[in-house]
Amino acid sequence: MSQSKSSTVAPVVLRGNLPPTGWTHRHLLDLEELSAEEISLILDTAVMCKEATQGCREKIDVLSGAAIVNLFFENSTRTKTSFSLAARRLGADVIDFSASTSSLSKGESFIDTAKNLEAMGVDAVVVRHRTPGTPHLLASHLDVGVINAGDGPHAHPTQGLLDIFSIRERLGDLKGLTVGLVGDIAHSRTARSNLWGLTKLGAKVILCGPPTLVSDSWQEFGVEVSHDLDAILPRCDVLNLLRIQFERQKTRPFPSVREYAHLYAMNRDRLRRAKDDLVILAPGPINRGVEVTADVADCPQSLILNQVTNGLAVRMAVLWLICGVQRNGLTIDSSENKGQQ
Amino acid sequence: MASMLIRGGRVVDPDQGIDRVDDLLIRDGLIMSIGHDGSQPLGKVDETIDAQGLIVTPGLIDMHVHLREPGREEDETIETGTQAALAGGFTSVACIPNTEPAIDTQANVEFIRQKASRADTCNVFVVACVSRERDGKELAEIGQLVEAGAVAFSDDGSPVYDAELMRRAFEYCRMFDKPILAHEEVLELSHGGVMNEGIVSMSLGLEGMPAAAEEVMIGRDIALADVTGGRLHVMHVSTAQGVDLIREAKSRGIRVTAEACPHHFTLTDESLRGFDSNFKMSPPLRTAKDVEGILAGLADGTIDCIATDHAPHAPEKKLLELDRAPFGILGLETAVGLSVTRLIESGRIDWPRFVEAISLLPARILGINRGTLRPGAIADVTLIDPSHEWQVDVNSFASKSVNSPFDGWTLRGRAVATIVHGKVKYRLSS
């Protein structure tokens, strides 16, 4: 494993129940609102968590007594499991709250539901919802920490972080790297969170897909837009293959899956024409044969399974930082850590 | 024989081309005179109002108000909505028929008129449905509704989707010289949207409603008004291109009028970045370029009127997730402040044009005997303090709901007295 670069924030050490210094946010809603230093701080903390838990396999006891609620209004397997496991690895208690079995099906508003959970004394709420902005709405009504685990097509900050973590772990500094985000940009929260995170850390981002899924207006955000994967392929250091979100589309944005795969699927032939050390990412679940062929999904350049492990590390870091702020007040200041600067 | 003298205000009455400091005399609920030449004795005056420093205008008219009653009394009632109108300086409102049931029969029109009369607040003019049950399939009994007192027709909340039905409505309404107030939206383009489609919706991941959804329908209705000779009134125009379409249609002599809402000349889609449903309305807040187009349209008269689209929703509805929260915001109690601040203080329009847009032209479009201070006219009068600076506080609103995006804003200009039929119905407590 290559060692990550040092960030501009003071290095952090694992020490008792105190979380790392330099973190002041009560919530994690989106990468757009974080600075490059804050993103690096989360990534460095995640490195620490991964090392301290022997590759996310063992427990450390920095959040014992804390209670985390998973408030998932939209189906999820891996993100929910990943947050649960991350919380348990830190010694916290985890409560899973499923919208379908709750009072929500009796007509209670989701804010009332969340306020009830808050009244039970939880430290943080991990929320997923089909509607953009719902975590922000919760954050404005609750005093506990709110972690966005995906709000519709808007943001999925821990997915963005784990993608960036995985790239950094394999290739080192993000600065100067060219990252292609390919596929359903219009409906992808992963694309948006990657875009903010990557550009803040100095990577060049290319969005690629048909015009029905990739609007040219994205250029206004300082990224390149292409509708031709084969044209941009030789320039990319990383390709992140985004799932076609059939469930979010009003009308089918391309004539057939076959035609989409012909134009945009990452296959063996395209892999040959890419850089030798091209890194391939895909936020699960993947549609094998649509965004990526099976052989490419399982090839050595693919980090798909590393992403899942790294997701645990990143979520441990995020939970630790957010709960730290919740428990210790808004500004955490440790003179010991200052001394190491 | 009640009489009232409004002394020393700046009387602005575009109907008579008057804009001067003068006295206004009211007797028995009617305008007696502006000024007093002294040739006849003034006679006994029961009440004198000192209007120095104030603007004296014909009563303001909001031709686009959702009073919600019958059916949605948790949001607003005829009584609370008309009290909000008075507090905003409006002496008349036209209420839109998307209630439950919709206003598509004589009995329903009569219900509203009775409730309004019992509330004894401001004048309520009834807009009735174009289509039976507002379902866009068959024409409502337009002739009977006119007899019952309906002043215009609208399926607002929805467009009249069937072009053939819209054509027939234009033709049929010609018989009564009534306008059709049109909500312009191509639904398959805007379906599922919560805000303007653009770079803000892209970055927020929110479903967008493209400007084209409004413009395509404005274009259709202009063509239908042209072919039928009917009267089209475009409600809440929100895009610069929409204003251009209306300007061009007017230049060709097509009978089209239009209104714009204060929020559409004040806010842009950038406001949605906080995901606050108080910025969600239909048509949605557009871009700075569109705001500029609306301002230009108001200045050159392409957009005839200012109307609020006052759309109250109970707090629990607006607290829902953005896609489930309903469209619409309050308008009555902030319209004057926003107009003075955004339009007059900025120099975009002058006071006579403002009064024309919010009193004279709405009266003419609706064909109601209001909007003027001519001797003999019904004495609906609004007194506005143009320099009154105040902070919007939704909790002090007369409206039953609080869904205003302007809560906490500091505005200049406010109605200080609202006079309906010669009686002071509202006075701002100082």
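Go through region B:235-285 and give me each residue that's among the small types (G, A, S) and in contact (Cβ under 8 Å) with a residue 12 or more places away in the chain.
Hits for region B:235-285 are B:S238, B:A240, B:G242, B:A249, B:A258, B:A260, B:S271, B:S277, B:S282.
Pairing each residue of region A:213-225 that is under 26 Å from A:R252 (Cβ atoms) with any residue that is of a type in the set (D, E) and surrounded by fewer than 17 Cβ atoms within 10 Å (Cβ to Cβ), provided the two are 6+ apart or on different chains, yields C-beta distances under 9 Å for A:W218/A:E224; A:V225/A:D216. Number of residues in region A:257-316 that are buried (at least 21 other Cβ atoms within 10 Å of the Cβ), among the acidic types (D, E) and part of a helix (DSSP H, G or I): the value is 0. Given the structure, is B:A107 among the hydrophobic types (A, V, I, L, M, F, W, C), away from chain A (no Cβ under 14 Å) and in contact with a helix residue (DSSP H, G or I) (Cβ under 7 Å, 6 or more places away or on another chain)? No, not satisfied. Among helices (runs of 4 or more DSSP H) entirely within region B:297-356, having at least 3 residues that are within 14 Å of chain A (Cβ to nearest Cβ) singles out B:315-318. Of all residues in region B:134-182, those that are of a type in the set (D, E) and assigned to a helix (DSSP H, G or I) total 3. The residues in region A:206-226 that are away from every other protein chain (no Cβ under 13 Å) and within 21 Å of A:N267 (Cα to Cα) can be counted, and the count is 5. Checking each residue of region B:72-82 against the condition of being charged (D, E, K, R), touching a Gly at 6+ places or on another chain (Cβ under 8 Å), modelled with pLDDT of 95 or more and outside the structural domain of B:T382 (by TED's automatic domain parsing) gives no match.
Output the residues belonging to region A:227-243 that are in contact with a helix residue (DSSP H, G or I) (Cβ under 9 Å, 6 or more places away or on another chain), more than 14 Å from chain B (Cβ to nearest Cβ) and surrounded by 18 or more Cβ atoms within 10 Å (Cβ to Cβ). The answer is A:L229, A:L233, A:D237, A:V238, A:L239, A:N240, A:L241, A:R243. Return yes when A:F254 is aromatic (F, W, Y), closer than 29 Å to A:S76 by Cβ, more than 14 Å from chain B (Cβ to nearest Cβ) and surrounded by fewer than 16 Cβ atoms within 10 Å (Cβ to Cβ) and no when it is not. Against the criterion (aromatic (F, W, Y), closer than 29 Å to A:S76 by Cβ, more than 14 Å from chain B (Cβ to nearest Cβ) and surrounded by fewer than 16 Cβ atoms within 10 Å (Cβ to Cβ)), A:F254 does not qualify.
Within region A:212-233, can you find the residues that are among the β-branched types (V, I, T), more than 22 Å from the chain's Cα centre (by Cα) and in a loop (DSSP other than H, G, I, E, B)? Once the filter is applied, which keeps residues that are among the β-branched types (V, I, T), more than 22 Å from the chain's Cα centre (by Cα) and in a loop (DSSP other than H, G, I, E, B), region A:212-233 yields only A:T212.
Per-residue answers, yes or no, for (1) touching a Pro at 6+ places or on another chain (Cβ under 6 Å); (2) over 25 Å from B:P284 (Cα atoms):
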{"site": "B:M209", "(1), (2)": "yes, no"}
{"site": "B:E214", "(1), (2)": "yes, no"}
{"site": "B:H233", "(1), (2)": "yes, no"}
{"site": "B:Q241", "(1), (2)": "no, no"}
{"site": "B:D244", "(1), (2)": "no, no"}
{"site": "B:K250", "(1), (2)": "no, no"}
{"site": "B:R255", "(1), (2)": "no, yes"}
{"site": "B:C261", "(1), (2)": "no, no"}
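With B:T48, B:T99 as the choices, which residue is in contact (Cβ under 8 Å) with a residue 24 or more places away in the chain and assigned by TED's automatic domain parsing to the domain that holds B:V160? Unique residue meeting the criteria: B:T99. In region B:180-199, the qualifying residues are those that are under 16 Å from B:D323 (Cα atoms) and either touching a Gly at 6+ places or on another chain (Cβ under 9 Å) or of a type in the set (V, I, T) (or both), and the one that is farthest from the other protein chains (Cβ to nearest Cβ) is B:N196. Any residue at all in region B:111-133 that's part of a helix (DSSP H, G or I), crowded, with 24+ Cβ neighbours inside 10 Å, away from chain A (no Cβ under 14 Å) and out of contact with any helix residue (DSSP H, G or I) (no Cβ under 8 Å at 6 or more places or on another chain)? No, every residue in region B:111-133 fails to be part of a helix (DSSP H, G or I), crowded, with 24+ Cβ neighbours inside 10 Å, away from chain A (no Cβ under 14 Å) and out of contact with any helix residue (DSSP H, G or I) (no Cβ under 8 Å at 6 or more places or on another chain). Somewhere in region B:322-329, is a residue acidic (D, E), in the same structural domain as B:G149 (by TED's automatic domain parsing) and surrounded by fewer than 21 Cβ atoms within 10 Å (Cβ to Cβ)? The answer is yes; a qualifying residue exists.
Filtered by the rule that a residue be of a type in the set (V, I, T) and on the phi > 0 side of the Ramachandran plot, region B:119-134 gives no residues. Summed over region B:247-286, residues that are over 22 Å from the mean Cα position of the chain (by Cα), in a loop (DSSP other than H, G, I, E, B) and under 30 Å from B:P315 (Cα atoms) total 2. Among the conditions (1) small (G, A, S); (2) out of contact with any Gly (no Cβ under 9 Å at 6 or more places or on another chain); (3) buried (at least 17 other Cβ atoms within 10 Å of the Cβ), B:S346 misses just one, which is (3). When A:L138 is tested against (1) farther than 20 Å from A:M316 by Cα; (2) more than 13 Å from chain B (Cβ to nearest Cβ), just one condition goes unmet, and that condition is (2). Of all residues in region B:114-138, those that are over 16 Å from B:F90 (Cα atoms) and in contact (Cβ under 8 Å) with a residue 12 or more places away in the chain have Cβ atoms under 9 Å from Cβ atoms of residues that are of a type in the set (K, R) and loosely packed, with under 13 Cβ neighbours inside 10 Å, 6 or more apart or on another chain, in B:S131/B:K137. Consider B:H233 against the criteria (1) more than 14 Å from chain A (Cβ to nearest Cβ); (2) on the phi > 0 side of the Ramachandran plot; (3) buried (at least 22 other Cβ atoms within 10 Å of the Cβ): it satisfies all of them except one. Which criterion is unmet? The failed condition is (2). Could you tell me whether region B:371-390 includes any residue that is over 28 Å from B:G35 (Cα atoms), over 17 Å from the mean Cα position of the chain (by Cα) and either outside the structural domain of B:E259 (by TED's automatic domain parsing) or assigned to a helix (DSSP H, G or I) (or both)? There is at least one residue in region B:371-390 that is over 28 Å from B:G35 (Cα atoms), over 17 Å from the mean Cα position of the chain (by Cα) and either outside the structural domain of B:E259 (by TED's automatic domain parsing) or assigned to a helix (DSSP H, G or I) (or both). Considering only residues in region B:170-203 that are within 15 Å of B:R286 (Cβ to Cβ) and hydrophobic (A, V, I, L, M, F, W, C), the one that is farthest from the chain's Cα centre (by Cα) turns out to be B:M202. Within region A:106-124, residues that are within 14 Å of chain B (Cβ to nearest Cβ) and over 28 Å from A:M316 (Cα atoms) reach partners that are modelled with pLDDT of 85 or more and part of a helix (DSSP H, G or I) with beta carbons closer than 7 Å, at six or more positions or on different chains, in the pairs A:S109/B:E316. The residues in region A:207-222 that are among the hydrophobic types (A, V, I, L, M, F, W, C) and surrounded by fewer than 20 Cβ atoms within 10 Å (Cβ to Cβ) can be counted, and the count is 1.
The set of residues from region A:167-184 being surrounded by fewer than 24 Cβ atoms within 10 Å (Cβ to Cβ) and in contact with a strand residue (DSSP E or B) (Cβ under 7 Å, 6 or more places away or on another chain) comprises A:R170, A:L171, A:L177, A:T178.
The values are calculated or read from the model by the stated rules, or taken from the named source; none is laboratory data. Only a predicted model underlies this, so the values are computations on that prediction, with no experimental measurement involved. Neighbour counts are summed over all protein chains in view; Cβ atoms, including those assigned to glycine, are modelled from backbone coordinates with ideal geometry.
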